[in-house]
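The values are calculated or read from the model by the stated rules, or taken from the named source; none is laboratory data. Keep in mind that this is a model prediction, so the values were computed, not measured. Cβ coordinates were reconstructed from backbone atoms using ideal geometry, including for glycine residues, and neighbour counts include every protein chain displayed.
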Amino acid sequence: MTRGLLAHLCRMLIGGYFLSFFLTVPVQAQEAETINSLANDMDQVDIYLHTIDVGHMVYDNFGHTAIRVVDHRKYSDMVYNWGTFSFDDGPVTFAFNFYKGHLTYTLSVYPFANAMRIYKYDSRTVWEDKLTLTPAQKETLLKRLEWNARPENRGYSYQYFFDNCSTRPRNYIDEALGGVLKEQYSEVISNKTFRDFVMDGYESNPGMDVLLDFGMNSNLDRFATAWETMFHPLYLRSVLLEYSKDKSPLLTGGHTLVEHPRPDAYPKLAYSFMLIFGGVPLIPLVFGLFFQQKKAEPSRLLYRSFGALASLWLGFGALWGFVMALSWAISDHLDLHHNANQLLFWPIDVFAFILALMIFIKARPLKLSPVAWNFARAYLLVHIIVSILMPCLRAFGVIEQNVNRVSVFLLPPYVAILLMIFRVGIRREENKPRIEA
């Protein structure tokens, strides 16, 4: 009986082994066949990164990114573009929504031939680099693109630094690679702050750099990580090329689809313009008014010229002081809140603007009642002290926001105007003696 039991167990073990062998071999063969089939299938799909250089318009000063998918199985050649927005509600509504932080961008998918027509029309250089991906990585990226292309998934809330036409491709490529890009570059600190990116981006549009420099707060003065720099299309390509050299080939076969010269750059031109044409003329006016302040009838030309220039500066300051306060109140862009430049530009500077305007109209010092004169002098004196505090607080690290350019180019003429109104622009009206009957 013992022999029979042992024989039975042996037969069971041997039978189980062969059964397992015959069941396992077809499964393993099927998996290998599936992998080979996927590899052969994905060999017919080529995916490219398109990097579009900076343009002449305000909205394309940072370049653009798109992904091209050539699927030879379906005889299709499509471009995925995350930078589509609409002016259907009018440019004013578009601008206001952008200002409030409620702006929807969408993914557009169209044939490569259409993209080439757009590229040539835009007159911007376009680079094409092939993404070297494994079959599994290609499949992951294609599934993500197909998901995003569904009507219900195409729209997204645009955020210029953290969710734009460049971060979307970056995230999807990183997802296909298993997260290696974010893992490697999210801890690497670059040598550029977000403010540096803004100033560099608008070098070809003088004026925008000034408005954004003093319109945005200390959030922009944080150094971006290498992962975050890829919000900029040119830096996305640069980092991926660096990864290709250091780790494994990711971008290969790079070539230029369209070539055009870049827009001319004018770094700090607007700041220099404001200082030269708004600040330098103050020098002779200040000296002239200072030496004529004791005259009973000072030069009307000097006072009218000073009033005109002061009105421009103080009107500008009052406007932007109001805009900065309003932005803090109604905009969802946190970069527009708690702006240190409000120490220089006050929302209530409309009062100082009225004083300057009246000096321009009357072409002489304003005679104010004792109460108004005391109030005006107190207002101007406090404004001067607070304004001068701004660069001092920055120097001691109390203010994190980079106010250096504002302190160099805008603060001196602004404070000089306030000081001249305080010193020679207003006079106390003497009380007239009462005539008794």
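Each row is one residue, and each column tells you yes or no for (1) modelled with pLDDT of 90 or more; (2) touching a helix residue (DSSP H, G or I) at 6+ places or on another chain (Cβ under 7 Å); (3) crowded, with 20+ Cβ neighbours inside 10 Å.
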{"position": "Val58", "(1), (2), (3)": "no, yes, no"}
{"position": "Gly83", "(1), (2), (3)": "yes, no, yes"}
{"position": "Phe87", "(1), (2), (3)": "no, yes, no"}
{"position": "Leu103", "(1), (2), (3)": "no, yes, no"}
{"position": "Tyr110", "(1), (2), (3)": "yes, no, no"}
{"position": "Ala113", "(1), (2), (3)": "yes, no, no"}
{"position": "Ile118", "(1), (2), (3)": "yes, no, no"}
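Of everything listed in (1) over 24 Å from Leu336 (Cα atoms); (2) without any contact (Cβ under 8 Å) to a residue 40 or more places away in the chain, the single unmet condition for Phe94 is (1).
Confirm whether Glu152 is in the same structural domain as Val239 (by TED's automatic domain parsing) and within 25 Å of Val239 (Cα to Cα). Answer is no for this residue.
Taking region 227-247 as the range and being under 18 Å from the mean Cα position of the chain (by Cα) and not in a helix (DSSP H, G or I) as the test, the residues that pass are Met230, Phe231, His232. Take the conditions crowded, with 17+ Cβ neighbours inside 10 Å, modelled with pLDDT of 95 or more and in the same structural domain as Leu289 (by TED's automatic domain parsing) and apply them to Leu336. Does it pass? It is false that Leu336 is crowded, with 17+ Cβ neighbours inside 10 Å, modelled with pLDDT of 95 or more and in the same structural domain as Leu289 (by TED's automatic domain parsing). Within region 248-270, residues that are under 20 Å from Thr125 (Cα atoms) reach partners that are among the small types (Gly, Ala, Ser) with beta carbons closer than 6 Å, at six or more positions or on different chains, in the pairs Leu251/Ser244; His260/Ser123; Pro263/Ser204; Ala265/Ser204.
Listed by position, the helices (runs of 4 or more DSSP H) contained in region 330-437 that have at least 2 residues being in contact (Cβ under 8 Å) with a residue 60 or more places away in the chain are 350-362, 411-420.
Filtering Arg170, Arg117, Arg144 for residues that are in contact with a strand residue (DSSP E or B) (Cβ under 9 Å, 6 or more places away or on another chain) and of a type outside the set (A, V, I, L, M) leaves a single hit, Arg170. Checking each residue in region 124-144 for being among the aliphatic types (A, V, I, L, M), in a helix (DSSP H, G or I) and buried (at least 19 other Cβ atoms within 10 Å of the Cβ) picks out only Leu141. Flag: Glu297 matches the condition of being modelled with pLDDT under 95, surrounded by fewer than 16 Cβ atoms within 10 Å (Cβ to Cβ), of a type in the set (Asp, Glu) and more than 26 Å from the chain's Cα centre (by Cα).
Of the residues in region 249-287, how many are closer than 30 Å to Phe306 by Cα and surrounded by 13 or more Cβ atoms within 10 Å (Cβ to Cβ)?
Qualifying residue count for the region: 16.
A single member of Val239, Val210, Val180 is over 27 Å from Arg144 (Cα atoms) and touching a helix residue (DSSP H, G or I) at 6+ places or on another chain (Cβ under 8 Å), and it is Val210. Residue by residue through region 208-242, note down the ones that are under 22 Å from Asn171 (Cα atoms), surrounded by 20 or more Cβ atoms within 10 Å (Cβ to Cβ) and among the polar types (S, T, N, Q). Thr229, the sole residue that qualifies.
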